[in-house]
Amino acid sequence: MSTPRVRLPRSASEGEAIEIRTLIDHPMVTGVSSSQARNMLARFEARMNDETVFEYEFGNGSAANPTFTFHVRAAAPGAFEFIWTHEDGSDFRTDGTVAVS
């Protein structure tokens, strides 16, 4: 598993909708149609200033190396946290900040 990657702007104007892109390298093996053991992410959550702004529950149809693109309105400076949780309970995290003027 590689380090999660996130692209978000360094700064934004107050009230501006910013685009956030995330990617994590993960095989997402369901174990249904292969002899490989199941290896799936269960959940992704993006938080801004400790408030959930985007979340996703993975299912068997989820693609390998899941990527998300979503928009958040920058009302105040933001401390972001991005969390991918594996079915076994382990998680992969990264963070970032956006300055708002």
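The values are calculated or read from the model by the stated rules, or taken from the named source; none is laboratory data. Computed from a predicted model, the values in this text were never measured in an experiment. Cβ atoms come from the backbone with ideal geometry, glycine included; neighbour counts cover every protein chain shown.
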Inset, instruction - Given the conditions (1) at pLDDT below 95; (2) surrounded by 15 or more Cβ atoms within 10 Å (Cβ to Cβ), report the number of the one that G96 does not fulfil. - result: (1)
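Restricting segment 24-49 to residues that are within 18 Å of E87 (Cβ to Cβ) and among the small types (G, A, S), which is modelled with the highest pLDDT?
The initial filter retains those residues of segment 24-49 that are within 18 Å of E87 (Cβ to Cβ), namely 24-34, 36-45.
Those left that are additionally among the small types (G, A, S): 31, 33-34, 37, 42.
Numbers: G31: 79, S33: 75, S34: 76, A37: 85, A42: 93.
By that ranking, first place goes to A42.
Give the number of residues within segment 50-81 that are among the polar types (S, T, N, Q) and modelled with pLDDT of 95 or more.
Just the residues of segment 50-81 that are among the polar types (S, T, N, Q), to begin with: 52, 60, 62, 65, 67, 69.
Those still in the list that are modelled with pLDDT of 95 or more too: 52, 67, 69.
Looking only at that region, the number is 3.
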Legend entry - Residue tally, condition farther than 30 Å from A37 by Cα and among the polar types (S, T, N, Q), over segment 66-101: 2
Inset, instruction - Under 9 Å between Cβ atoms, at least 6 apart or on separate chains: pull out the pairs that start in segment 56-70 with a residue that is within 10 Å of I24 (Cα to Cα) and end on any residue that is of a type in the set (G, A, S). - result: F68/A46
